[in-house]
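As structure tokens, the structure follows; a few thoughts come after it.
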Amino acid sequence: MAKYAYAPLSIDEARRRRSSNDLPQQAQDDDALVQERMPMCIGICVLLAIVYVLSRTGDRDAIAVQPHNNVRVENHPQLVPTAQTTNDDDWDASAPTKSAAKPSKTPSDSVCHCDLSPDEAMGVLREQALSRTTPHIIECAAADAGKSQAACHLPSAERFAALGQKGATLWMTGCSGAGKTTIATALEEQLVKYYGKHVYRLDGDNLRTGLNRDLGFSAADRAESVRRTGELATLFADAGVITLVGLISPYAEDRDAVRKRHEEQNIPFYEVFLDVPVDELKKRDPKGQYARVESGELKHFTCIDDRYDPPVKPEITLKTHQLAIEESVNILLRRLERDGILMGAPKLAPPGLPNPDGDVIVDLHVPEHLREQRRAEAETLPKVLITDIDLNWLQTVGEGWASPLKGFMREGTLLETLHFNSILTDPFNVTGNIDRHEKKTNFDQFPEHLPHNRVSMPIPITLACTAFTKTAIEKSGKSAVALVTQMGETVAILRDPEIYNNRKEEIVTRMYGVIDFDHPYVKHIYSGGDYLIGGEVELLDRIRYNDGLDQWRKTASELLKEFQDKGADTVYAFQTRNPTHSGHAYLMRSAGEDLRKKGYQKPVLWLSPLGGWTKEDDVPLDVRVKQHEHVLKAGMSHPGGLDPETTVLAIWPAPMVYAGPTEVQFHAKSRRSAGASYFVVGRDPAGMKGSPNALAHPDDDLYDGDHGRYVLQYSPGLQGMQMLSFVKVMYDISDNVMKVPDPSRMQDFISISGTKMRLLARNGATPCSPTNIPTDLVAANCIPSGFMVPDGWETVVDYYRNIDVPSRWTPWSKPIVNPPADAQTKYKGKLGFTSFMLRSTAVDSYWHDVPVRSEKGNFVINMVTEIPMHMTAKMELNKELPHNPIMQDSNDDGSTRYYTYGTPFFNYGLIPQTWEDPSLRSTDGFGGDNDPLDVMEIGMHPLKMGGIVPCRVIGSLELIDEGETDHKILCIALSDPDANRINSIEDLEKVKPGHVDRLVDWLKMYKTSDGKPENKLASETPRSAKEAMMVVKEMHERWKALCGKGGDFTHTEKTKSLWLNSPGCRGS
């Protein structure tokens, strides 16, 4: 908070600061002060009276004349400079016309014989006075003489940020009748009533009633009028007022002087020239003045028989005889918008484009020169698991799409989002709250002054975690965490984590306003951990998905640059969740034309397909993007094409949450952060049908189709983001173009719904005859040729005819990662899909052909790594398929399986040539799980998938998993830096305190995050290394029996499907 003190008075106040014992009564004090100051006040008043009288008198004896720049000396023979004498008021009346003689000191020679009028004389006097007055008056001690006086005022940046606008002067000049007052009045009304801006209009009429009442129409008085008005406009604009000046101001030098004053104060100045031919002005003649000039009644009329200097390089020229008033006003509005005058914040975006939401450019990528340093730091931090949906949100935040958010929401930010659909921000610290969303939430202390800026933030962007992760963070002693993907890649650091309860029901009810527990994103929220982590993030590198679509993924800052390169003076965004047909193209083209009518020169379309998570039955991302590519390639040659010169295709990264009116606000807000000023919105944006179990709307739209558009129009915090609504279009069979139907010939229009389009695509419909389009398209199995660009239609047909082959498509932005595999492996398929298979190039089967024991020592076994440390993809050896490849396990619904409890802090694998026999019962009566022995390696670093690693056994735990015994052998790789220090469970506790407890917790709890019950352990105290080796030995004997190497073996239903034909088992 700034501290203030009153300036000292100009009269010494010391006498008034005596002790209380010496003071008279208060009334006497007041009288004394009046008596003390009265002489000075009377003196000032007398002086002012004398100056006024002298200024109005015709006595030129008191005037030492200097020629004014607009009063020409040759036109006034007696108006000549005088030589200065000992008496400055003497005037040499006898001086020759072209030169000044030294005046005589005799009184008879002091009479002036000038022919100046009073107005001309006043002008000369003013010029002399101004020439003697310093232009740099020191306003306060903080500013030195001749320097900027800004130190004496509230800083402009703070003033403008608080006001929500910048000051500027629009100086409208032109001949009488050109429209200065008319246009200025209309612009003032627009800015004040519809933009809520502080504006004032200055013109000859309102100025001459007061400030300029003493001025006439002489050249000198005109110049003084411009000077005074310019000074007033400078003060107004410096105070943050958009000042509209409408003066003829005929002389260029006077206007240039006003411009110079603005430039000295760093105040935007726009010279607006209303360029109208005199003949047109004579036709208009609103006040009848031109007629009076024609009749000879008026003389010296500017632009007719008196000089007018047209601006040479005005900022704006308005040919008002060719423009409607609204068009002229729009041109001025567009310029003010382009230059950021209508916002209080500094202009961060290119000209014509809006600032990112919250007036902050957010790009959270670590600079390249710091990346290795940050990666090294991340290795030392506790790990937090992020899902693929979390990765979408991380990209959304890190690339600036959710500005001003700089991380996952803290609790206070989440509360504002849930209850207000917006947050309060203070980007320029006007109220002392600049970083309030980057601090841990404090429920006991609140700011004295609330921030002024409300920014749209309708969707919770949160990161869920389990109690396992929460405990790991709290016990780590670190002030940051590393964010790790499901595939084990560390992608970001989150600073100063704030962990709080995940109040799922509150989030869902506030976010959706409907009850449907089978809603796909509602299910996602409920599947998250019981805690949320908030904090600011740093992206260690660009998020890439390696799916062939990364060329269309651009950060918000990159898009701003691309729009600038295309010369955009405004951008309108069209969001797509489906292929683009000619109806969409018609709407986009029409929107561009409407924007041109508003005064924009080059509106650019942003074709913006949804890129993040979408529900299963939505059209896959790659299908939509490929179809959009064909739309751009077709250009304007097809009614379904778009002009690539004025269109930018760029994927929007956030997940869909299907929250209807709430979510569409975020769709609009985030497009603004990348440069869009307009958002095209259709019916039921971000909505979906309810599930059969929805409470109020089963199998029907969850939200009314009109509510989204309505809410978007009135949403708080969208800061001028404007909406362009869809209109209904139909296919015109008369010209094969989609358009708004003509009510007079509705028989020529047919409707092609999304449902019909999908059915036709699935049936492989071909183009209809352009001249014979059937009424029943489905029966004819044809699609009108103008409905969609041909290659785009082929893409859609290909998808719907192969919709049951999910591995062909990229449904949404999921990272395609090469497996972190050992060099002696080969694989096919994509990691993350059930089709992925990894095999060894050194042996036929990991299970049967790798020796159980290593030659490196007595307690050393061979471990085959299935799941590298930090990876949550549940990889495991497939026992049934030939060669026993490593594959990803699947859930009951066929989807690939991942751990959700947290990031594994161990490497996981199998011990070859072992088998947990279901017929071998433990003391508790549980049989084996029919798998090779599992092994958990507790070293420091991830191992390679499919690698065969010598590993020293230090103990084991016995898990009871769904009624089966599942031994977990604990070991440390001989290559680990701690291998020489850890030979037993006791050593493990010394080197890594608490590690055993974490292992026990993981084994018991890791399924609970999937809604399953806790596992049980036969004992939470690990067995010794020796006991563990006995388990290994027993399971090796069981494997030998399975392979027929230890006598007769009778197959059961559980063993009949096992592949045992490798050389190390039953094969030859």
Subject >> Extreme residue, positive dipole direction of the chain, given options Ile533, Met487, Ala694 (C-beta unit charges) >> reply: Met487
Subject >> Full-stretch length increase - Ile515, Arg981 - with 0.36 nm per residue and alpha-carbon distance subtracted >> reply: 162.1 nm
Original post:
Where nothing but the Cβ of Lys and Arg (+1) and of Asp and Glu (-1) is charged, how large is the charge dipole of the chain around its Cα centre, in debye to the nearest 20?
Top reply: 1020 debye
Subject >> Estimated 222 nm signal from helices in the chain, with DSSP H stretches of n ≥ 4 weighted -39500 (n - 2.57), rounded to 500 >> reply: -9000 deg cm²/dmol
**OP:** Provide the per residue accessible area, probe 1.4 Å, for segment 154-339, rounded to a whole number of square angstrom.
**Re:** 46 Å²
**OP:** List the DSSP H helices in the chain whose Cα atoms stretch 27 Å or more along the helix axis and whose mean Kyte-Doolittle hydropathy is at least 0.0.
**Re:** 26-56
**OP:** Can you tell me which of 240-248, 990-998, 365-373 comes out highest on packing, and rank the rest after it, using the mean Cβ neighbours within 10 Å?
**Re:** 240-248, 990-998, 365-373
Original post:
How big is the charge dipole of segment 929-997 about its Cα centre, in debye rounded to the nearest 20, if each Lys and Arg gets +1 on its Cβ and each Asp and Glu gets -1 on its Cβ?
Top reply: 580 debye
Original post:
Which length gain, in nm to one decimal place, applies between Glu294 and Asp309 when the Cα-Cα distance is subtracted from 0.36 nm times their residue separation?
Top reply: 3.3 nm
Subject >> Burial ranking of peptide ranges 873-882, 214-223, 166-175 (average Cβ count within 10 Å, highest at the top) >> reply: 166-175, 214-223, 873-882
Original post:
Using +1 on the beta carbon of Lys and Arg, -1 on that of Asp and Glu, and nothing else charged, what's the dipole of segment 612-692 about the Cα centre, debye to 20?
Top reply: 200 debye
Original post:
HN-Hα J couplings of segment 987-993 from phi, Karplus 6.51/-1.76/1.60, θ = phi - 60°, integer Hz, Gly and Pro as x?
Top reply: 4, 4, 5, 6, 7, 10, x
**OP:** May I ask which residue of Ile515, Thr469, Phe905 lies farthest towards the positive end of the charge dipole of the chain, with charges of +1 (Lys, Arg) and -1 (Asp, Glu) on Cβ and the Cα centre as origin?
**Re:** Phe905
**OP:** Report relative contact order for the chain in percent, whole number only (criteria: Cα-Cα under 8 Å, sequence separation at least 6).
**Re:** 7 percent
Original post:
Counting only protein heavy atoms, what percent of the accessible surface of segment 831-1065 is carbon or sulfur at a 1.4 Å probe?
Top reply: 47 percent
Original post:
Per residue, how many Å² of accessible area does segment 831-1065 show with a 1.4 Å probe?
Top reply: 41 Å²
Original post:
Got a number for carbon plus sulfur as a percent of segment 368-539's accessible area, 1.4 Å probe?
Top reply: 47 percent
Subject >> Ranked by how many other beta carbons lie within 10 Å on average, peptides 337-346, 1037-1046 from highest >> reply: 337-346, 1037-1046
Subject >> Computed accessible area, Phe836, all protein chains, 1.4 angstrom probe, square angstrom >> reply: 0 Å²
Original post:
Got the relative contact order for segment 154-339 handy, in percent, Cα pairs under 8 Å and 6 or more residues apart?
Top reply: 31 percent
Subject >> Fully extended contour minus Cα-Cα distance, from Asp924 to Lys830, at 0.36 nm per residue >> reply: 29.7 nm
Original post:
Residue farthest toward the positive end of the dipole of the chain, with Cβ of Lys/Arg at +1 and Asp/Glu at -1: which of Thr896, Leu187, Pro685?
Top reply: Thr896
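The values are calculated or read from the model by the stated rules, or taken from the named source; none is laboratory data. This is a predicted model, so every value here is computed, not measured. Positions of Cβ are generated from backbone atoms using ideal geometry, with glycine treated the same way; all protein chains shown enter the neighbour counts. With ligands, DNA and RNA removed, areas are computed over all heavy atoms of the protein, side chains included. Shrake-Rupley method; radii C 1.70, N 1.55, O 1.52, S 1.80 Å.
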